[in-house]
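Written out below as structure tokens is the structure these notes cover.
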Amino acid sequence: MDLPKTFDSKAAEERWFQKWIDLGYFKADPARPGKVFSVVIPPPNVTGQLHLGHALNVSLQDIIVRTRRMQGYNTLWLPGTDHAGIATQNAVEKDLAKEGKDRHTMGREAFVARVWQWRETYGSRIMNQLRRLGASCDWSRERFTLDAGLSNAVTKVFVDLYNQKLIYRAKRMINWCPRCETALSDLEVDHKEVHGSLWYIRYPLADGSGALTIATTRPETMLGDTAVAVNPDDDRYKSYVGKMIRLPLVGREIPVIADAAIDREFGTGALKVTPAHDPVDFDIGKRHDLETISLFDSTAHMNENAGAYRGLSRDEARKQIVKDLELAGLLEKIEPHQHAVGVCSRCDSIVEPMISEQWFLSMRAMADRAIEAVRKGDTTFHPKFWENTFFNWLENIHDWCISRQLWWGHRIPAYRCVRCDHLIVAAERPSRCPECDGSDIIQDDDVLDTWFSSGLWPMSTLGWPEYTPDFERYYPTSLLLTGFDIIFFWVARMMMFGLEFTGKVPFKDVYITPLVRDELGKKMTKSKGNVVDPLDLMNQYGADAVRFTLAQLAAQGRDVILSHDRFAASRAFANKIWNAARFVMMNLEGAAQPLPKVDIANLRLAERWILSRLDDTIREVGSSIDAYEFNVAAMKLYQFIWHEFCDWYIELSKESLKAGGDRQAAARWVLITVFDKMLRLLHPFMPFVSEEIWQVIRPYIDEPNLAPHLPIAKYPEPSATDPLSPAEETAMNHCIEATEAINSLRSLLGWHPGQRVTAVIKAGDATDAHELETWRPYATALAKLDALNIDTAGDRAVFSHLAWADIGVDAPDGYDFQVARQKLQKQLDEVGKHAAQHEARLNDSRFMTKADPETRVEVAQRFEGLQAQQKLLSEQLRQLEQRA
């Protein structure tokens, strides 16, 4: 079976992934023996579409899952999606709006049915995109946070926590989204800076003796003011404390109070207090027993308490109130003011702080257990510094508002008797009220926060609250691989729920993925127009190249900086491997299948060297994956495959392949042996090109019970003994260093790549003459030399200094050393000038303070590149100056 001239990545992806699925290679079986490695996928939203964050996350998960599967672990990678309450309901409501409908006219039952229909149509989109990337999940176990099993788990947890008095209903200040018409947790509110105004308004004293001027960013809420507050240490206002003020436009009398929460430096130092619409004011109101007057309905329009302004939106009311204050002569001035406002993370609407009766979960005790578990090492974060972020949030945690005023989600299992108003929380809908025996019972309209159900994901997806074979075998899971932005939303909540209900942490390791940025170091956003679609990248470069690039760049604790050049380089890497495979296959004509084994002790130096380097690479890649250093593993593979195997050993093998006999047989066996193990190492990173090639070389592999395909092939292990002695390793290193030095000098002196040249080695005193002879034939062939002389240099030789010898190459006839030096000096001066400019910018405190992070990264990277150029040019100039 021959390999075509080029690798068709798209065809290979479709063919092999479906083959692996059909053969059941990714299916887990709790009855299977072996050490367990289990992972649950961070469930993407059912509304989601693949983005680079997903692609990075899933690529890294697949690398370690495929590795563990090949290592013989009983491996489970469980996929699924999240019902994404707010996001999904918003998506369906937008569709309805196009049809001139809304959920309220449809009714709850019909609307929920419509959402399920939407989910059937679009819900599998992102899962199919993950398949395109090659995710080797057990797709037969795909779960959804609203499926029956997970819903049962959610109900049990709610009822149990309620019975423990950890879940309670209370009237509190919450975040309200007027667009989504639901409460939000603090974590679902983003904060952004806006250019607003500060309005200075005169509040007349009720006794007519004057007025206090207050400053506010929200004139529309003054209708709900129930006090004016000053700091008790502010001498300007001590005489006003206890007096009454007549509220402008309303006429209601309110007191002047003193409270330490007031910032004397803000505005005038006197602040209006609206307990119903500001968290700080709410706390002040509780301390001073102030009346609470709510001004807005669920869509943030003014309600009946707003009097003449009833029915206006917040913005409309603000404009009218400012106008009326101005007409009344109570508006002192308006100043521009930049400040932060809370916005809904789902729809970007400005959030309204409101007092509302909601369901809350007490978090303190569960948070303390989660902190203790990480401090004890039951769960470890990678990189470790993310543990501080985890601790900081849990140590300052507030009770969680878990109810949402949506129709799509897990409906809260709480019921109220219409006759006696008795509240019943139960797993099943009660038929009669236990208090009055009434039968008219209605369920709470609210649903649970989406993160409540996803917080149970590692348990519920494995069958809990039943102690199923899956749960017994695969829980706790081995690894959670996720983004830093949901440490609070998800990681912490899974930890708390897992410990509360199973007594065990839900995962042993947490790997936090880096942030993906564009080639200039900028965060990818739609507004910047720099978002890159992974599907487009896969179409252009192939899934293997996308996966390998992401792995190469995934350094712990550092952002991923992407560029098309990196993806193109990974595609070139795949092509390099493909061409190497074609070379090997062309040199196997007439060879036995499988190839007979050879005695390693009788192999030549080059063959034993590449086998030794293979063993080192197997160890290095394996230990890097164990440490979740995916970038290190990828670079070790790249170095071995591209440079040591393709650039060095393939070239070294050519003479042996032509020689015939035992030398040819040995070279063939080494090529196949190395290629086989190399592809097994590569498979978790680049599954498709590795499988395509492995199927072609597989007939030549002599291994008992050889697997039919790479996903279940045995992961390579290093040899029991090193085939190379330390002295021989030194010899091959010297061969490579000498060849690289000769090729560099050839380029500097202008020799054509195909021209034969003469080179010389001036060996140091410690250099073994016998060692030189062991590798001199290799260097002569690799560097295309007429001769490699020892200690006999021509008059026109230019030398490169190595630690153990000086390597020289004769310059061509007519080579002008002076012109060459002048040219290099000019280049060096130009590069030095640019390097100095960049260094000055980096040392300029004003630039470092004012420049955005992306610009600073760009300048620093450019400076590093210029420094490298300087080093190379300086060395080349030094080499030529030896001839002066």
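Quick rundown of the values:
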quantity	calculated
Total residues in the range 277-293, condition open to solvent by less than 40 Å² (accessible area, probe 1.4 Å) and in contact with a strand residue (DSSP E or B) (Cβ under 7 Å, 6 or more places away or on another chain)	6
Criterion (more than 23 Å from residue 337 (Cβ to Cβ), touching a residue at least 12 places away in the same chain (Cβ under 8 Å), touching a His at 6+ places or on another chain (Cβ under 7 Å) and surrounded by 18 or more Cβ atoms within 10 Å (Cβ to Cβ)) met by exactly one of 146, 150, 161, 184	146
Residue check for residue 55: part of a helix (DSSP H, G or I) and open to solvent by less than 10 Å² (accessible area, probe 1.4 Å)	yes
Single unsatisfied condition, residue 468 versus (1) modelled with pLDDT of 95 or more; (2) β-branched (Val, Ile, Thr); (3) in contact with a Gly (Cβ under 8 Å, 6 or more places away or on another chain); (4) open to solvent by 10 Å² or more (accessible area, probe 1.4 Å)	(3)
Yes/no for residue 196 being open to solvent by 50 Å² or more (accessible area, probe 1.4 Å) and out of contact with any Cys (no Cβ under 7 Å at 6 or more places or on another chain)	no
Enumeration of residues in the range 361-377 that are open to solvent by 10 Å² or more (accessible area, probe 1.4 Å) and under 24 Å from residue 453 (Cβ atoms)	362, 364, 365, 368, 369, 371
Index of the failed condition, residue 124 passing every other in (1) among the small types (Gly, Ala, Ser); (2) open to solvent by 10 Å² or more (accessible area, probe 1.4 Å); (3) farther than 26 Å from residue 533 by Cβ	(3)
Output for the range 468-508, where each listed residue is farther than 26 Å from residue 396 by Cβ, assigned to a loop (DSSP other than H, G, I, E, B) and either without any contact (Cβ under 8 Å) to a residue 12 or more places away in the chain or among the β-branched types (Val, Ile, Thr) (or both)	468
Answer residue from the range 477-521, given it is closer than 13 Å to residue 40 by Cα and open to solvent by 30 Å² or more (accessible area, probe 1.4 Å) and is nearest to the chain's Cα centre (by Cα) among those	509
Residue check, residue 404 in contact (Cβ under 8 Å) with a residue 40 or more places away in the chain and among the charged types (D, E, K, R)	yes
All strands (runs of 3 or more DSSP E) inside the range 768-884 with 1 or more residues being open to solvent by 90 Å² or more (accessible area, probe 1.4 Å) and not acidic (Asp, Glu)	797-801
The range 224-235: number of residues that are in contact with a strand residue (DSSP E or B) (Cβ under 8 Å, 6 or more places away or on another chain) and surrounded by fewer than 14 Cβ atoms within 10 Å (Cβ to Cβ)	1
Enumeration of residues in the range 378-395 that are more than 21 Å from residue 628 (Cβ to Cβ) and crowded, with 18+ Cβ neighbours inside 10 Å	394
The lone exception for residue 433 - which of (1) under 37 Å from the mean Cα position of the chain (by Cα); (2) modelled with pLDDT of 95 or more it fails	(1)
The range 633-680, residues that are open to solvent by 50 Å² or more (accessible area, probe 1.4 Å), more than 19 Å from residue 597 (Cα to Cα) and hydrophobic (A, V, I, L, M, F, W, C)	635, 642
Per-region count, the range 665-700, residues part of a loop (DSSP other than H, G, I, E, B) and in contact with a Pro (Cβ under 6 Å, 6 or more places away or on another chain)	0
Condition check for residue 589: assigned to a helix (DSSP H, G or I), open to solvent by 50 Å² or more (accessible area, probe 1.4 Å) and either modelled with pLDDT under 95 or of a type in the set (D, E, K, R) (or both)	no
Looking only at the range 844-884, and only at residues there that are aliphatic (A, V, I, L, M) and over 18 Å from residue 833 (Cα atoms), the one that is nearest to the chain's Cα centre (by Cα)	857
Filter result for residue 750 (free of Cβ contacts under 8 Å to residues at least 24 places away in the same chain, open to solvent by 30 Å² or more (accessible area, probe 1.4 Å) and at positive phi)	no
Residue that is modelled with the lowest pLDDT, among those in the range 169-189 that are within 26 Å of the chain's Cα centre (by Cα) and either among the hydrophobic types (A, V, I, L, M, F, W, C) or closer than 25 Å to residue 267 by Cα (or both)	187
Cross-chain or 6+ apart pairs with Cβ under 6 Å, the range 674-698 first and more than 25 Å from residue 58 (Cβ to Cβ) and in contact (Cβ under 8 Å) with a residue 24 or more places away in the chain, then assigned to a helix (DSSP H, G or I) and among the aromatic types (Phe, Trp, Tyr)	697/675
Filtered residues of the range 164-181 (kept if within 23 Å of residue 47 (Cα to Cα) and either surrounded by fewer than 22 Cβ atoms within 10 Å (Cβ to Cβ) or out of contact with any helix residue (DSSP H, G or I) (no Cβ under 6 Å at 6 or more places or on another chain) (or both))	176, 177, 178, 179, 181
Every residue from the range 681-720 that is within 29 Å of the chain's Cα centre (by Cα) and either open to solvent by 40 Å² or more (accessible area, probe 1.4 Å) or of a type in the set (Phe, Trp, Tyr) (or both)	685, 688, 712, 715
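The values are calculated or read from the model by the stated rules, or taken from the named source; none is laboratory data. Since the structure is predicted, the reported quantities are computational estimates derived from the model, not experimental observations. In this analysis, Cβ positions are derived from the backbone assuming ideal geometry, glycine residues included, and neighbour counts consider all displayed protein chains. Note: areas computed on protein heavy atoms with side chains; ligands, DNA, RNA excluded. Shrake-Rupley method; radii C 1.70, N 1.55, O 1.52, S 1.80 Å.
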